[in-house]
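Accompanying notes for the structure given below.
The values are calculated or read from the model by the stated rules, or taken from the named source; none is laboratory data. Computed from a predicted model, the values in this text were never measured in an experiment. Cβ atoms come from the backbone with ideal geometry, glycine included; neighbour counts cover every protein chain shown.
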Amino acid sequence: MGVTGCLYRIFPGLPQMVIPMLLIVSALLAPSRASAELMAPDATSNSVTLNWTAPGDDGNTGTATTYDIRYSTTVITEGYWSSATQAGGEPSPKAAGSQESFVVDGLTPNTTYYFAIKAGDEVPNWSTLSNILTVTTEPAQGQEAPATISDLLAVDPTSTTVTLTWTAPGADGHVGTASLYDIRYSAEVADWDGARQVTGEPSPQPAGSSESFTVIALQPGTVYFFAIKTGDEVPNWSGISNLAAAVTVADDDQTAPGAITDLVASPGVSIGEIDIVWTAPGDDGNLGTADHYVIKASNLAITESNWNFVTTMGNPPSPLAAGSPQAWTLTGLTPGQLYYVAVKAVDESGNPADISNVPAAVAQWTLSLDVDDDPDELPARFHLAQNYPNPFNPNTTIAYSLPRASRVRLSVYNVAGRLVTILVDETQSAGNHFVDWNGTDADHAPVASGVYFYRLDTGEYSESQKMVLLK
């Protein structure tokens, strides 16, 4: 029985335009075999070729009017269809039974994508969702993804923390030094996207080095599962590490710290910063000293109900004794954006306070037109800020800080890791600097919409950030 016959038999009564589309990469396959072709030859580092049989305008006769091709890094369903990314530029349908082909490009290397298609007639009446094709793009050309970590261990649990240890992989397999880690955990065995990402992961050391990281703010007496991915500078991502599990120590302390009620937020001194001040609560109510703070920031109002889904700011200050004034600066925010800020104190047993009051402030966005030569105003560290605006079209500003005079190279790369242009290549004095990029390559030709990476190298410091050009 043909594919169409199978679908009509499974779904009797479906009118007209049930699509028997079998998305494949490079050859037609039955739906049950589509996922077996994840690394087919027509998947490159930034594109995937889709093939299918054209449906008709009325069922399997005639010629349909339009296709809607969508993709996502999460599984596509009818309910998620509108949230998936539309490919754009889909071909006009051919007569029913014809072989169709379309290339989706602008994808990220070494990333798993899900693809699906609907067809519409002149009304348009839309078909049901096709089968879902899963394809993983190749690593960037000429670069191997970091090796998958296989010796992850979860050790030394306390009531609120677990320490992770592993051996550093390389940037290319087991060679060199990777660029970043993504550490996630869950209180149940979950898929990668459903696990919670930690903040403040360490920068990778050279391949073969011993690594460790302590995950905080866990709940006492709870089983946790941990995993890691490693990315290079593109980034190409490794596979998911082995799963490590640990049980936090149970604790009978049930008295949480007091809630902070006097939190104040205001624009910071440097670009992308917000300053906050508050009075420290205690470990038990308003007595003693809490164990640590959890500080969160969001463009949307923060409440108890959405607390777990809001971005956590890394490396907060240690709590002082109850009643002491405290201050901290949130960095790496998008300049000019309004942020809501909230704080919870947590005791040594992992008991969190109620959410603080939730003030809002605009992240500092003013760019100095020159470098201040006053030594008291010089940056304390190297820093590469997020470009602003982002996404952008066609101009964006990149700011960076130099604590001392340095040879600076600021470069832009595409998602394939190829050099697009060099924005700065000279020795510069200490201070805060900025440079504009107008979305052109080294030959002053406009580049295409998509994801780009900019990288700051000084010889003793390097850092990369991602930006998006939307035309």
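Computed quantities for the displayed model
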{"item": "Candidate set: segment 40-68, residues that are in a loop (DSSP other than H, G, I, E, B) and in contact with a Ser or Thr (Cβ under 6 Å, 6 or more places away or on another chain); chosen: the one modelled with the highest pLDDT", "result": "ALA54"}
{"item": "Qualifying residue in segment 242-263 (condition: assigned to a loop (DSSP other than H, G, I, E, B), among the charged types (D, E, K, R), buried (at least 19 other Cβ atoms within 10 Å of the Cβ) and touching a Pro at 6+ places or on another chain (Cβ under 7 Å))", "result": "no"}
{"item": "Exclusive hit being touching a Ser or Thr at 6+ places or on another chain (Cβ under 7 Å), touching a residue at least 12 places away in the same chain (Cβ under 8 Å) and either assigned by TED's automatic domain parsing to the domain that holds MET313 or among the charged types (D, E, K, R) (or both), set GLU144, GLU138, GLU201, GLU188", "result": "GLU138"}
{"item": "Where a residue in segment 73-97 is over 14 Å from LYS118 (Cβ atoms) and at pLDDT 90 or above and its partner, wherever it lies, is aliphatic (A, V, I, L, M) and surrounded by 12 or more Cβ atoms within 10 Å (Cβ to Cβ), with Cβ under 6 Å and at least six apart", "result": "LYS94/ALA54"}
{"item": "Strands (runs of 3 or more DSSP E) contained in segment 120-202 and holding at least 1 residues of a type outside the set (Val, Ile, Thr), buried (at least 17 other Cβ atoms within 10 Å of the Cβ) and in contact with a helix residue (DSSP H, G or I) (Cβ under 7 Å, 6 or more places away or on another chain)", "result": "133-136, 180-186"}
{"item": "Any chance TRP328 is assigned to a strand (DSSP E or B), farther than 23 Å from ALA399 by Cβ and not hydroxyl-bearing (Ser, Thr, Tyr)", "result": "no"}
{"item": "Test set (1) modelled with pLDDT of 90 or more; (2) within 24 Å of LEU384 (Cα to Cα); (3) outside any loop (DSSP other than H, G, I, E, B) - PRO206 fails condition number", "result": "(3)"}
{"item": "Out of PHE213, PHE225, sole residue that is in contact with a Pro (Cβ under 8 Å, 6 or more places away or on another chain), over 20 Å from GLU144 (Cβ atoms) and either of a type outside the set (Asp, Glu) or modelled with pLDDT of 90 or more (or both)", "result": "PHE213"}
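Residues are listed down the side, and each one gets a yes or a no for (1) modelled with pLDDT of 90 or more; (2) over 26 Å from the mean Cα position of the chain (by Cα); (3) closer than 30 Å to THR279 by Cα; (4) not small (Gly, Ala, Ser):
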| residue | (1), (2), (3), (4) |
| --- | --- |
| SER356 | yes, yes, yes, no |
| LEU384 | yes, no, no, yes |
| LEU402 | yes, yes, no, yes |
| ALA416 | no, no, no, no |
| ASP425 | yes, yes, no, yes |
| ASN438 | yes, no, no, yes |
| GLU463 | yes, no, no, yes |
